[in-house]
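Report on one structure; see the data block that follows.
Each value in this text was obtained by applying a stated rule to the coordinates, not by laboratory testing. If you're wondering where the values come from, they're calculated on a predicted model, not measured in any experiment. Heads up, the Cβs are rebuilt from the backbone with ideal geometry, glycines too, and the neighbour counts pull from every protein chain shown.
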Protein chains: 2
Amino acid sequence: MAPAYKVTYFPITALGEPIRFLLSYGGFEFEDCRIGPENWPQLKPSMPFGQLPTLEHNGKIVNQSIAICKYLAKQVKLVGNDDWEDLEIDAIALTINDLRLSIGKYHYESDEQVKERIKGTLFSETLPYYLERLDKIAKDNNGYLAAGRLTWADLYFIALLDYMNQMAKTDIIVDHPNLLAVKNNVLSLPAIKTWIEKRPESTY
Amino acid sequence: MAPAYKVTYFPITALGEPIRFLLSYGGFEFEDCRIGPENWPQLKPSMPFGQLPTLEHNGKIVNQSIAICKYLAKQVKLVGNDDWEDLEIDAIALTINDLRLSIGKYHYESDEQVKERIKGTLFSETLPYYLERLDKIAKDNNGYLAAGRLTWADLYFIALLDYMNQMAKTDIIVDHPNLLAVKNNVLSLPAIKTWIEKRPESTY
């Protein structure tokens, strides 16, 4: 029987990896479909809003990685105990997405002059600002990003970290002990360890 | 007694308005705190991640408008009937947020040459691409954006529309009858009508 879930993304971690982490954490079998650049142009028109990653389940397909993560987080019980806790967890995940977008704005800028200007702001203002606050939150939550325990926000952050580091060309959390604790807490989960050992190699 | 909810934002609709729409829809009293540019610098350091809008409730404060909308949507019962429906609603809201970001990228660009280049892509590719697909979705859902009935995605879209139109300098949905139906469905809700009549005037 085919697995109940199919994840379609490019052959990298990036926005697909939080979805793969959550499915692995839940022990769900899934088809890990990886689209090379040579096949993407012909597939793109059939994807909702022309984007990856997508999740397929019961003959339905959806895009938007954060929405998919939130759905899977409910299935694997990594959400809040009440609506307000859910709000705090969602807010942290969206904040990490903002951070990812800021680093991406630098990484994907093709005009070298503009890129240098963005680089200055990113490394002297944006990154320290976000990382200090996130580190403080991780301290207050005992090595997690919300609710004082493991939630999907932790898996979301750590699954995206290789991509953010690759774009920033540096380990962004190396000087933030509480964010390193979050990383350690996620990467020591047996299901995540097993997934990382068996996942296909990629540069990031 | 002070209202249970306090919304803090700038004196415009934009990212604050979906929150105000949802609170109004639910008939919740709320403090509608509007920060002028002269007061923002002294308030910014005390806001989570230096951002508005924020929601305060029971002595706690959170940022991230989409997370706040999702929380309020649960309180006012504008969410899905099951986890997959929730996923579809969330994905549409996040897609509308992507659209808003694309228009904002054009609007907020200060380099005139870069702005012209972005304008070309926005009006000839991005906007038609998104709006055609959203219009088709609204058609398939009988004048709503998901689940075949009113959900928070509809309020989110219509509350943001003035801001998107103002940034694009045009009515982006004027040629999309099914999106006009979504607009009409939201703006005819008695609680939304009342809110729009009583809300403070702003340019957008």
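Estimated at 0.36 nm per residue, the fully extended path between B:Thr194 and B:Ile12 surpasses their Cα-Cα distance by 63.8 nm. Note on A:Lys60 and A:Leu43: their simple-model spin labels are 2.2 nm apart, each label 7 Å out from Cα toward Cβ.
Once R0 is set to 22 Å, what does the formula 1/(1 + (r/R0)^6) return for the Cβ-Cβ distance between A:Val114 and B:Lys169, expressed as a FRET efficiency to the nearest 0.05?
Details: r = 24 Å, r/R0 = 1.08.
Computed FRET efficiency for A:Val114 and B:Lys169: 0.40.
Modelled label positions at B:Glu201 and A:Tyr129, each set 7 Å beyond Cα in the direction of Cβ, lie 3.3 nm from each other. Based on alpha-carbon atoms, the Kirkwood radius and the radius of gyration of the range A:83-187 give Rg/Rh equal to 0.99.
Going by neighbour counts of Cβ atoms within 10 Å, the residues A:Met1, A:Met47 line up, fewest first, as A:Met1, A:Met47.
In the neighborhood of B:Glu116, defined by Cβ-to-Cβ distances under 15 Å, what is the net charge if each Lys or Arg adds +1 and each Asp or Glu adds -1?
Values: positive: B:Lys105, B:Lys115, B:Arg117, B:Lys119, B:Lys169; negative: A:Asp111, B:Glu109, B:Asp111, B:Glu112, B:Glu125.
Once positives and negatives cancel, what remains is 0.
Using only alpha carbon pairs under 8 Å that are at least six residues apart, calculate the relative contact order of chain A and give it in whole percent. Present the calculation step by step, with values, prior to reporting the outcome.
Details: 260 pairs, mean separation 50.5, N = 204.
Answer for chain A is 25 percent.
Applying the criteria of a DSSP loop state and at most 10 other Cβ atoms within 10 Å to the GluC sites (Glu not before Pro) of the range B:33-124 yields B:Glu38. The Cα-based radius of gyration and maximum Cα-Cα distance (Dmax) for the range B:1-111 are 15.2, 49 Å. Of the trypsin sites (Lys or Arg not before Pro) found in the range A:57-160, the ones in coil according to DSSP and having at most 12 other Cβ atoms within 10 Å of their Cβ are A:Lys77. Please compute the average number of Cβ atoms from other chains found within 10 Å of each residue's Cβ in peptide B:92-99. Neighbouring Cβ atoms belonging to other protein chains average 4 per residue here. DSSP assigns beta bridges within the protein assembly as shown; of those with both partners inside it, close to 60 percent run antiparallel.
Average 1/r across all pairs of distinct alpha carbons in the protein assembly as shown, invert it, and you get the Kirkwood radius: 22.2 Å.
Test of understanding: ordering B:Tyr5, A:Tyr25 by Cβ neighbours within 10 Å, fewest first, what list do you get? Working shown, then result.
Details: B:Tyr5 20, A:Tyr25 23.
Ascending number of Cβ neighbours within 10 Å: B:Tyr5, A:Tyr25.
With each label modelled as a point 7 angstrom along the Cα→C-beta vector, the B:Phe28-B:Leu101 pair spans 2.5 nm. For a paramagnetic label modelled on A:Asn142 (point 7 Å from Cα along Cα→Cβ), amide N atoms under 20 Å away belong, within the range A:175-193, to A:177-190.
When DSSP assigns beta bridges and you keep just the ones with both residues in chain A, what percent turn out antiparallel, to the nearest 5? Please report the intermediate quantities before stating the final value.
Working: 7 of 12 bridges.
Rounded to the nearest five, the antiparallel share is 60 percent.
Look at where the Cα atoms of the range A:66-100 and of the range B:83-115 average out, and the two centres are 19 Å apart.
Most exposed first by the Cβ proxy, i.e. fewest other Cβ within 10 Å, how do A:Asp86, B:Asp83 rank? Write down the numbers at each step before the final one.
Numbers: A:Asp86 22, B:Asp83 13.
Ordered by Cβ neighbours within 10 Å, fewest first: B:Asp83, A:Asp86.
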